[in-house]
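*Asks:* To start, I am sharing the structure in question, which I have written as structure tokens.
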Amino acid sequence: MANTKSAKKAVRSSARKRSHNLMWKTKYKQQLKAVYKAVAGKETEEVILEKFKALQKSLDKAAKEKAIHKNKADRVKSNYAKRIAAHLKGEDKTKSEKIAKTRPSKPRSKRSL
């Protein structure tokens, strides 16, 4: 429990800031899920791009309000842009499919101790 007057004020202030930041984080995470579901659900290109545009807008606003760092917003936008571009080209594959195609399994050599 805070003892001094300034410490009590800091507790109130941080609670306000936390709720404000949570609001912005919730908004952009909802947009992330919408884009992810659109890509996974094989939506049309227009729907995916519309949802991605809304995601970019919410990420920029969250970064502007200092709820998340600007570099994180840029990184998330970049990663989702790559994912959407690959999906629209038809190169959308799961991680296990990529691993199976790149390196075939080899028998392990037995080592003597």
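*Asks:* Could you say whether any residue in segment 66-73 is of a type in the set (Gly, Ala, Ser) and at pLDDT 95 or above?
*Replies:* yes
*Asks:* Criterion first (exposed (fewer than 13 other Cβ atoms within 10 Å of the Cβ), at pLDDT below 90 and on the phi > 0 side of the Ramachandran plot) does GLY90 satisfy it?
*Replies:* Criteria met by GLY90.
*Asks:* I would also like to ask the following. Considering only segment 68-93, state which residues are assigned to a loop (DSSP other than H, G, I, E, B) and under 14 Å from the mean Cα position of the chain (by Cα).
*Replies:* ILE68, HIS69
*Asks:* A further question on this structure: Tally the residues that are small (Gly, Ala, Ser) and touching a residue at least 40 places away in the same chain (Cβ under 8 Å), restricting the search to segment 31-72.
*Replies:* Looking only at that region, the number is 1.
For (1) at pLDDT 95 or above; (2) surrounded by fewer than 16 Cβ atoms within 10 Å (Cβ to Cβ); (3) among the polar types (S, T, N, Q), each residue gets a yes or a no:
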{"position": "ASN3", "(1), (2), (3)": "no, yes, yes"}
{"position": "ASN21", "(1), (2), (3)": "no, yes, yes"}
{"position": "TYR28", "(1), (2), (3)": "no, no, no"}
{"position": "LYS37", "(1), (2), (3)": "no, yes, no"}
{"position": "GLU43", "(1), (2), (3)": "no, no, no"}
{"position": "LEU49", "(1), (2), (3)": "no, yes, no"}
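*Asks:* Across segment 74-92, what is the number of residues that are without any contact (Cβ under 8 Å) to a residue 24 or more places away in the chain and closer than 14 Å to GLN56 by Cα?
*Replies:* Residues that pass the stated criteria total 6.
The values are calculated or read from the model by the stated rules, or taken from the named source; none is laboratory data. Every value quoted in this text rests on a predicted model; they were computed, and no experiment measured them. Every residue, glycine among them, receives a Cβ derived from its backbone with ideal geometry; neighbour counts consider all protein chains shown.
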